[in-house]
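One structure below.
The values are calculated or read from the model by the stated rules, or taken from the named source; none is laboratory data. All values derive from a computational prediction rather than experimental measurement. No Cβ is skipped: glycine too gets one built from the backbone with ideal geometry, and neighbour counts run over all protein chains shown.
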Amino acid sequence: MKRKNWAGPRRHSAPAPPAVKKTRSAAAAAAGVEEEPPPSGPESCMEITGRLYFAILCQKPKSGVANTHYFCIDDELVYENFYADFGPLNLAMAYRYCCKLNKKLKSFTLIRKKIIHYTGFDQKKQANAAFLIGSYAIIYLKESPEDVYRLLLAGNASYLPFRDASFGTCSFHLTLLDCFHAINKDDGKLQFQRYFS
């Protein structure tokens, strides 16, 4: 029996998209069970203050949510690498981020909304995004490096350590906690007004 094509003949059609190959882990393959796709909601979401959150999301959130404002800096503040290094971002970018976040927190149109800085699943961008929001918490919210680091690790989150810019294997890993201690080193608190005014 021939299948009837209800759509009619195709003219000037684009090539069919490639088939999506389903992958299974070794344990799932051994058990004969298909793995479920990653969830569409937040992989992890950490509360920084009552209005400020940091989230790692599977996909870009929908805009127009009444009580929430999402923003992402993954493609805006980008580290310029030398070899296999990927961060941390420099103080000028941290300053730009802090200015942007302060503007959002003080904005009259966002005053009743939760501000969620989100990042995607690129682990290198996750580490840089965590560095920025952690730096903000140390500089403006007067949090200690240890408290910020502990907060960012909540929800089973983990971050790649930064590496040196040399060729070959990395012999020293720089953690987020190391970076937060450096931010906190300037007489207790970094004062951007002193450096960028």
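What to note about this one:
- If you check L177, L151, L132, L190 for being over 27 Å from Q59 (Cα atoms) and at pLDDT 90 or above, only one passes: L177.
- Test: residue in the range 136-157 that is touching a residue at least 60 places away in the same chain (Cβ under 8 Å), of a type outside the set (S, T, N, Q), more than 20 Å from D75 (Cβ to Cβ) and touching a Lys or Arg at 6+ places or on another chain (Cβ under 6 Å): no
- Of all residues in the range 42-62, those being in contact with a His (Cβ under 9 Å, 6 or more places away or on another chain) and part of a loop (DSSP other than H, G, I, E, B) number 1.
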